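Data first, discussion second: the structure below is written as C-alpha cells.
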Amino acid sequence: MRVLLVLLLCLAACGDTNDLQKTPVYLGDFSLGHSVVVAPNLTKAPASRDATADEWIEALTDAVDDRFRRYDGTALYHFGLSIEAYLLAVPGVPLVVSPKSALSLRLTVWDDAEGRKLNSTPEVINLVESVSGKTIVGSGLLQSREEQMDNLVKQAAKQIENWLVQQNFENGWLEEDGVPLKEKPEGQDILSFLRRQERQKSDDQRAIEAAVAEALAQTPNGASRDGTENAELVLDSSGGS
C-alpha cells in the first residue's frame with residue numbers, strides 16, 4: 001500500500017512526448033520485435049478514476065508501437081512490460097487536494113539473436129503526468145480519463161526510449177559491434193542528449209521516482225512476484241521472433 005500513498009503525492013513532471021514526427025534519437029541497430037504488455041499485479045491507487053487492465057494494456061501497447069516502430073535496424077529486440085500501479089486524478093480543489101496522475105511499470109528487454117534478457121533485473125519506471133495547460137493544477141480538473149491515460153502511456157514510452165539510449169551509451173546493448181557508444185566519437189552527441197534529459201528533471205522528480213521505486217519493491221505484489229515474468233512466458237512461447 002505504501003506505493004499507492006507515494007503515488008498520491010507525486011507533484012512533478014517529466015518528458016516531452018510531442019516528438020514522434022522528428023528523427024528518432026539514435027538507438028544503434030534497434031528494431032522492435034514483440035512488445036508484450038501484461039498487468040497481473042495491477043493496483044489502483046485510492047481516490048483514482050477506474051481503468052481496467054485491458055484498457056491499460058491496449059493504451060501502452062499503442063504508445064510503445066508509435067514510438068518504437070519508427071526504428072528500422074536489422075537487429076530485433078523484444079519488450080516485456082508489466083503495468084503495476086496507477087492513479088488517474090479525480091476532480092478536486094486546485095493546488096490543494098487535486099493529485100497528479102501517475103503510473104508505475106516494469107520492463108525487461110530481450111535480445112532476439114542471443115535469446116537472452118539484456119537486463120536480468122526488470123527496470124522499474126515510475127512517472128507522473130507531464131505539465132500542460134490542462135495538467136498544471138492536476139489533470140482531474142480538465143482532462144478525461146482517456147486523456148490522462150494517453151498522457152501517461154506516451155510518457156512511459158518516451159522514458160523507455162531514454163533508458164535504452166542510456167544503456168546503449170554505457171553498455172553498447174544495441175550496437176552491432178557491442179562496443180559502448182561512449183567509447184566512440186559519435187557518442188558525444190548522445191552524451192549531450194542524455195545531459196539535456198537529466199537537466200529536465202527536478203530534484204523533486206528524482207526524489208519522487210526513487211521513493212516510488214522503493215515503495216513498489218516493498219509491496220506484497222512487488223516482493224512476491226514480478227509481472228514481467230508473465231510477459232516473458234509469452235515471449236518464450238512465441239520463440240522470440
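Taking amide H as placed 1.01 Å from N in the peptide plane, the amide H of residue 30 sits under 5 Å from that of 73, each at least 5 places away or on another chain.
The label-point distance for residue 69 and residue 20, in a model that sets each label 7 Å from Cα toward Cβ, rounds to 1.0 nm.
Note on residue 146 and residue 199: their simple-model spin labels are 3.9 nm apart, each label 7 Å out from Cα toward Cβ. Put 65, 111, 54 in order of accessible area, highest first, and with a 1.4 Å probe you get 54, 65, 111. Computed packing ranks the peptides 24-35, 72-83 as 72-83, 24-35, most packed first, by mean other Cβ atoms within 10 Å. Which stretch or stretches of segment 54-94 have amide N atoms under 20 Å from the point lying 7 Å from residue 31's Cα along the Cα→Cβ direction? The answer is 64-80, whose backbone nitrogens lie closer than 20 Å to the label point. Across segment 23-31, coupling constants 3J(HN,Hα) worked out from phi with the 6.51/-1.76/1.60 Karplus curve, θ = phi - 60°, read 4, x, 5, 4, 9, x, 9, 5, 9 Hz, and Gly and Pro carry x. Each residue was assigned an accessible area with a 1.4 Å probe, and for residue 195 the value is about 140 Å². Counting heavy atoms of the protein chains alone, residue 23 has an accessible area of about 130 Å² for a 1.4 Å probe. The simple spin-label model puts a point 7 Å past each Cα toward its Cβ; for residue 177 and residue 52 those points are separated by 5.1 nm.
The values are calculated or read from the model by the stated rules, or taken from the named source; none is laboratory data. Since we're looking at a predicted model, the values are computed, not measured. Note that each Cβ is placed from the backbone with ideal geometry, even for glycine, and that neighbours are counted across all protein chains shown. SASA here: full protein model, heavy atoms, side chains in, ligands and nucleic acids out. Shrake-Rupley method; radii C 1.70, N 1.55, O 1.52, S 1.80 Å.
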